Structures are given as C-alpha cells and as structure tokens.
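One structure below.
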Amino acid sequence: MVSRLVHNSDVPVPDDAGAQGPVNRPVAADADLLDAYSQAVIRVVETVSPAVISVFGRDADGRGGAGSGFIVTPDGYAITNSHVIDDRPKLLAETAEGDKLRAEIVGDDPATDLAIVRLAAGGLPYAQLGDSDALRVGQLVIAMGSPLGLQSTVSTGVVSALGRSMRARDGRLIENIVQHAAPINPGNSGGPLVDPRGLVVGINTAIIAMAQGLGFAIPSKTAEWVLQEILAHGRVRRRQLGIVAQVTRLARALVRELDLLADQGVEVREVAPHSIAAQAGVRPDDVIVALAGRLVTSIDDLHRLLMTVPTDQGFDLTVVRGETLRTFHVAFARAD
C-alpha cells in the first residue's frame, strides 16, 4: 500500500492565519538544520575519504579476503584490522582514486585486532587520529570503508555507548570499545570511524549478525598506542608475569577474616623460572587478589591492569597465601 503525501484542501484554515506569519517557517528551520548536518558530513567525507583504502589479500592456499583501512602517514603507513590481513602475505591496497598499490605487513596485533601495513608509495593523503576518550554518547560519527566491495561508502550515526568490551581472537578482552549506530557491513572492517571534525576516533571492527544499528569500533587511543609500539619495536610489547593461573573462589570465612572485597581471585598454578613473578617471590597456590591496588577477580583483570601500569615502573601484587594476605613488589622489567 502506498501513502501519498498530498495537500488536503479540506483542512480548515484559521481566520488569523495570515497574522501569524509564514506557515512554512518551522519547515525552513528544519531544512536549515538538515543542510548544516549535510554540510558537516560532506566536509568530513571530502577531507578523510582520500586517505581511506580497500585492502585485498590472499593466503597460501589462494583464498582471498577484503576489508578497509586508512592511511595515517604521508609515507604510506596505514591501519587496518588484524582479521583483515589474517596471515595473508600478499596484500593489495586500492585508494579512493582507484590506484592499486602493493602493501606489506609492518606489524600485527591480534590482541587488539589491529594491524599496520605500508603502501608502496609516498606523498599520500592521510587521516589524523583523534581522542576517543573525548567521545560522548549521542555524538555524530561517520563510518567510511568498502562494505561488500562497494568502495568509498559512507554512513552516519551516533555513538550509542562507550566502554564496551570485546573478545579478541587470541582470547584477550579489547577494552573501551565504541558502540555506534552508523550502518556497517562485512568489508567495513579496518575502516575509520570519524567525528565531525574529520578526526578518526575509532576503527570499525565488528557487527552483531542479524542485528541493526549495532556496530563496534576499536578506540583511536588504542590504535595510536599500537601504531607507536609497532613503528618503534616492530611489535606490541606487553608485560608478562610469567605464570600459569586459573580463577578460583575463596572460602567465605577467609574473605571475612582478611576483609577482602571479593570472594574470587586468580590462583597461581605455575611460576616460570626467572620470571618477574618468581623474582618477586610469588609461588604456586598463591591467589592474586589485587594488582597495583586494583581488584583482581579474573584473568581478564590481570591482562587489563598489566596494560595500565607504565612499562618503566614496578607495581605491587597482593596475594592470599594460606590464610594470610601478602603484598609483593614486582620490579620493573621490559615488556615482552
């Protein structure tokens, strides 16, 4: 059934309609707002789209895959998703102008689902990373990329939520994921999520199948850190305690006696010789309950807190040993 929007001449008009001024004033005001919105999106697209690329690759068996990415330096360094390159040694990047360029993997970090590639060209247009920590729920964002192979596709939405978590392929949690309502599809992975100033605030990475308006992006702060680590060291360095551990529950009586904040901790099963945990005095059967003064109740807590401690500083590790609470100072060690 089709509903036509037509003027109905049977609608009565008040006698004083003329005295109230033009009846199309609210419509004009709405049009002005929509035009301002459109102009803002157009400016962003014109600024950022030259830096957006499509990424194609084939693995050793000849199977191909495609995604998106964006250039971040004029000498060809670009950011995409780890699952886009997916151990594909031969990569090809296509620019918004249709130029096809060879690309090589500079660094891959599955723990954040980010990868850095370098295009075989210089003097390229590039996008700037913004501050994802400054995002607010409801803020306009623009997704750019090549969904389903449709290059230079743009969609808009708002930031729906902040501080989400997502499981990476290696099992780690990716923190501070940005949830947004800009429609994205397979092929958008690795493409930029941009704010109204034309700054990249996220890297689109996932959607929920069979859902609408549920897109997720890795925050630009994480991407900036990964980029710096890979360019400086060729990989992302992370602290490693050097333990094998599992989650365990503590007896309620012990929780009350030691005045613990939770009845769950991380039990150490093995300690690697010469590891920083071994040097600090941590032993098998110790139950870690705090790191750097922050509560630890899971392996994810350990991973997250280890990432927050500056790599040039030591930290305290609090454990339950037997029926006592002990704190060990873990000395500074170079991140792996």
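Structure summary
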quantity	calculated
Relative intensity, log₁₀ I(q)/I(0), of region 120-180 from a Debye sum that treats every alpha carbon as a point, q = 0.16, 0.25, 0.30 Å⁻¹	-0.78, -1.09, -1.14
Folded to 0 to 90 degrees: helix 220-233 orientation relative to the chain principal axis, Cα	50 degrees
Distance in nm between pseudo-label sites at His303 and Gln279 (7 Å out along the Cβ direction from Cα)	2.5 nm
Ile208-Gln128 FRET efficiency (beta carbon distance; Förster radius 22 Å; 0.05 resolution)	0.15
The chain - percent relative contact order, Cα under 8 Å, separation 6 or more	12 percent
Theoretical ellipticity at 222 nm over the chain - DSSP helices of four or more residues, -39500 (n - 2.57) apiece, nearest 500	-5500 deg cm²/dmol
Sequence of Arg237, Arg169 once ranked by neighbouring C-beta atoms within 10 Å, starting from the fewest	Arg169, Arg237
Calculated SAXS-style log₁₀ I(q)/I(0) at q = 0.11, 0.17, 0.22, 0.25 Å⁻¹ - region 132-233, Debye, Cα scatterers	-0.30, -0.72, -1.17, -1.42
Using alpha-carbon coordinates, inclination of helix 299-308 to the longest axis of the chain, degrees	80 degrees
Rg to Rh, two decimals, where region 208-336 supplies the alpha carbon set and Rh follows Kirkwood	1.06
Reciprocal mean inverse distance between Cα atoms of region 220-279 - Kirkwood radius, Å	14.7 Å
Top of Asp113, Asp99, Asp86 by mean-square fluctuation, Gaussian network on the chain, Cα under 10 Å	Asp99
Once the Cα gyration tensor of the chain is diagonalised, semi-axes √(5λ) in Å	47, 29, 17
Within region 231-257: backbone nitrogen closer than 18 Å to the Leu295 label point (7 Å, Cα to C-beta)	247-257
Computed E for Arg238/Thr327 - FRET, C-beta separation, R0 30 angstrom, nearest 0.05	0.85
Separation of the Asp170 and Arg63 label points, Cα + 7 Å toward Cβ, nm	2.1 nm
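A short reminder: the numbers here are calculations on the coordinates, not readings from a lab. Note that the structure is a prediction, hence the values are computed from the model and not measured. Cβ atoms come from the backbone with ideal geometry, glycine included; neighbour counts cover every protein chain shown.
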